[in-house]
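The values are calculated or read from the model by the stated rules, or taken from the named source; none is laboratory data. Given the structure is predicted, the values throughout are model-derived calculations rather than measurements. Every residue, glycine as well, gets a Cβ built from its backbone with ideal geometry; the counts of neighbours run over all protein chains shown.
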Amino acid sequence: MIRCENLSKSFRRARVLDGINLDIALGERIALIGSNGAGKTTLIRCLLGEYVHDGLVTIDGRSPRQERTKVLGAIGFVPQLPPPLKMPVGQLIEFSASLSGADPRQIDAIAGRLGLAVDDIRARPFIKLSGGMKQKLLIAIALGRDAKLLIMDEPAANLDPEARKIFFDLLAERQESATMIISSHRIDEVAALVNRVIEMDLGKVVLDDKVADDVSLSGRFACRLVARRADAALAKALTAWQFTADTAGLVWQGEVAGPDRLRFIGMISRYVALISDLNLAEILGADEAAALQGGRAKDALLAVADGETVQ
Amino acid sequence: MKQLWLTARLDIVESLRARWFMIYTGVFGGIVALLFLFGLTESRVLGFIGLSRLLVTYIQLTMAILPIFVLITTVRSVAGDREAGVFEYLLSLPVSLGAWFWGKILGRYLVVFAPVFVAMLAAVGIAMVKGIEIPWDMFGYYTALLAAMAACFLGLGMLISAVARSTDMAQGAAFMTWLVLLLFLDLILLGVMIQGRVAPEIAVGVALVNPLQVFRTAALALFDPQLIVLGPAAFVILDTFGVLGYKLFAIAYPTLLGLLAAGLGYFIFRRGDLP
């Protein structure tokens, strides 16, 4: 779907992209990682046809620069920093939907799923929204159309855990029909979202690897946590993840989205001295549970056949 | 065409919410209000009285304010939008570069011209209420002159925005452009002529390349058709163009200059990095 051949870009004497060669197929979910100045944003801008460059970039065989309306019509983009647009939210939705031939109601619906009631903010200038609201709206605009390629620059950075969970669900709904490129400077932010990691450094691809992850984007983990004593900071952190506590404030329970578990563990590691028990168990759907049960029965039968004792 | 109108509308909405637009509108509305308040319609200059007197003063003030205002606000907002990431996001949407650039010019043109024109319309409205005679010919020509002036400096502003890569650079270049045009209005030309190193025709020719001087002379020609106040330069101008010819030139040339500058700006914009 995406092909970069010897892609290079220089700003005056600084070579920001240095002979990038990439082939990305439909359905791949790429983590584009690297430190600041590695060339991630420049690569994204080349994919969006915003930079002139040496070498070749094609998306579905088309140049994003020469055939920008056709190519960009199939791309949903979420920038790292929301643009300081003064226009009302309603007009931004209308503008982007009109250009990309999308239904504005679809954008409203996705924003609603992310917890953003568009009707309440339709007349408000985009620039006056909070960071999280802006991010939700930009995600809704990107996902609210029939995009075959989603390019997202730290898309979940400003989202609360609940919105992140829904965001992962939305991505899961698209994983068969769209290619995703998710840029971040931290692998733990995006690791669980992707099946391929491309790391950049000084304008070159220094790592290009597949990621094995058996937990689906829409997977859930049930979590039970026991604290040694009630603690206000821990309570605040867990409440933000929608956890609930018993009356003593010692036993906490809640759900963590599969792709968010690394982030959750990172958060909880800050309170490790307070935790006496922690359990994280994948919540299986009926089909998955049946398959797992079937697998166990098969193992048992094979074990009996081998003369082992089964309990 | 749909993309062009969408972009134009977007720019209009963005501009209407910008602080510069409020100041800009306030300045021109304020000028008309002050001119009425100070009873300018009752005073007389070179035989002009009533609304003609007010329009003559208004166009002189507008000529002083509009060029620098349009240049600075255009480059500030266009280069500022690029720096702030507005271009990065909006140009990731499927809009053609032509529709984006010309749509932006169209929207901005309407926003820049409307307050100046509405202020003049308001002056006409007040004059009608007060029973003051309306010089429709003068009103029509001044409107065309202001439209040409807005087109000229908007085109120059878009060219500077396309060339300059930062807001600071763009603002500096816009200010320098205005300063050079201002210097060639009188100071440098007078110096050249006094030293006598060039023929008067060349000095007048250089002045007529300067859109600021073109507007100034055209505004003068309206209440001084023989351009007596210009001295010997008047002979060169009137011999070359004639009174009507010069009036048409004063509208056509700056408009063309603005369009050429905008066209060059578009050429540079579409060949370079967008954000």
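Only strands (runs of 3 or more DSSP E) wholly contained in the range A:169-279 count here; list those with 1 or more residues that are assigned by TED's automatic domain parsing to the domain that holds A:Ala156 and within 29 Å of A:Leu81 (Cβ to Cβ).
In the range A:169-279, the matching strands (runs of 3 or more DSSP E) lie at A:179-184, A:196-201, A:204-210.
Residues in the range B:254-269: is at least one buried (at least 16 other Cβ atoms within 10 Å of the Cβ), in contact with a Lys or Arg (Cβ under 9 Å, 6 or more places away or on another chain) and closer than 30 Å to A:Gly49 by Cα?
Checking the range B:254-269: not a single residue is buried (at least 16 other Cβ atoms within 10 Å of the Cβ), in contact with a Lys or Arg (Cβ under 9 Å, 6 or more places away or on another chain) and closer than 30 Å to A:Gly49 by Cα.
Pick from B:Ile268, B:Ile251: which is in contact (Cβ under 8 Å) with a residue 24 or more places away in the chain, among the β-branched types (Val, Ile, Thr), within 14 Å of chain A (Cβ to nearest Cβ) and within 30 Å of B:Gly103 (Cα to Cα)?
When all the criteria are applied, what remains is B:Ile268.
Can you work out which of the residues in the range A:102-143 that are of a type in the set (S, T, N, Q) and surrounded by fewer than 24 Cβ atoms within 10 Å (Cβ to Cβ) is nearest to A:Leu85 (Cα to Cα)?
Applying the filter and picking the extreme gives A:Ser130.
Only one of these conditions is not met by A:Ala31: (1) more than 14 Å from chain B (Cβ to nearest Cβ); (2) assigned to a loop (DSSP other than H, G, I, E, B); (3) surrounded by 22 or more Cβ atoms within 10 Å (Cβ to Cβ). Which number is it?
(2)
What pairs come out if I take residues in the range B:1-29 that are touching a residue at least 24 places away in the same chain (Cβ under 8 Å) and more than 11 Å from chain A (Cβ to nearest Cβ) and pair them with residues that are part of a helix (DSSP H, G or I) and of a type in the set (Val, Ile, Thr) whose C-beta lies under 7 Å away, six or more apart or interchain?
B:Trp20/B:Thr73; B:Tyr24/B:Thr73; B:Val27/B:Ile65; B:Phe28/B:Val116
Against the condition among the charged types (D, E, K, R) and under 24 Å from B:Leu212 (Cα atoms), how does B:Arg165 come out, does it pass?
Criteria not met by B:Arg165.
When the residues of the range B:20-59 are narrowed to those that are loosely packed, with under 14 Cβ neighbours inside 10 Å and at pLDDT 85 or above, which ends up nearest to B:Trp100 (Cα to Cα)?
Among residues in the range B:20-59 that are loosely packed, with under 14 Cβ neighbours inside 10 Å and at pLDDT 85 or above, the one nearest to B:Trp100 (Cα to Cα) is B:Met22.
Could you list, in sequence order, all residues of the range A:74-91 that are more than 17 Å from A:Thr179 (Cβ to Cβ) and either under 22 Å from the mean Cα position of the chain (by Cα) or within 9 Å of chain B (Cβ to nearest Cβ) (or both)?
A:Pro79, A:Gln80, A:Leu81, A:Pro82, A:Pro83, A:Pro84, A:Leu85, A:Lys86, A:Met87, A:Pro88, A:Gln91
Let me confirm something: among A:Arg196, A:Arg145, which residue is farther than 30 Å from B:Glu14 by Cα and touching a residue at least 12 places away in the same chain (Cβ under 8 Å)?
Going through A:Arg196, A:Arg145 in turn, the sole match is A:Arg196.
Would you pick out the residues in the range A:34-45 that are facing chain B (nearest Cβ under 10 Å) and out of contact with any Phe, Trp or Tyr (no Cβ under 7 Å at 6 or more places or on another chain)?
Selection gives A:Thr41, A:Ile44.
Out of curiosity, is A:Val71 closer than 30 Å to A:Gly131 by Cα, outside any strand (DSSP E or B) and either in contact (Cβ under 8 Å) with a residue 40 or more places away in the chain or within 14 Å of chain B (Cβ to nearest Cβ) (or both)?
Yes: the conditions hold for A:Val71.
Which residue is surrounded by the most Cβ atoms within 10 Å (Cβ to Cβ), if the candidates are limited to the range A:39-86 and must be within 19 Å of B:Trp100 (Cα to Cα) and of a type in the set (Val, Ile, Thr)?
Taking the candidates together, the pick is A:Ile75.
Checking the structure you have, find out if any residue of the range B:134-145 is within 13 Å of chain A (Cβ to nearest Cβ), of a type outside the set (A, V, I, L, M), in contact with a helix residue (DSSP H, G or I) (Cβ under 6 Å, 6 or more places away or on another chain) and not in a helix (DSSP H, G or I).
No: the range B:134-145 contains no residue that is within 13 Å of chain A (Cβ to nearest Cβ), of a type outside the set (A, V, I, L, M), in contact with a helix residue (DSSP H, G or I) (Cβ under 6 Å, 6 or more places away or on another chain) and not in a helix (DSSP H, G or I).
Given the conditions (1) closer than 21 Å to A:Asn158 by Cβ; (2) surrounded by fewer than 14 Cβ atoms within 10 Å (Cβ to Cβ); (3) of a type in the set (Val, Ile, Thr), report the number of the one that A:Val272 does not fulfil.
(1)
Regarding the range A:42-65, can at least one residue be identified that is closer than 12 Å to A:Ile181 by Cα and in a strand (DSSP E or B)?
No, every residue in the range A:42-65 fails to be closer than 12 Å to A:Ile181 by Cα and in a strand (DSSP E or B).
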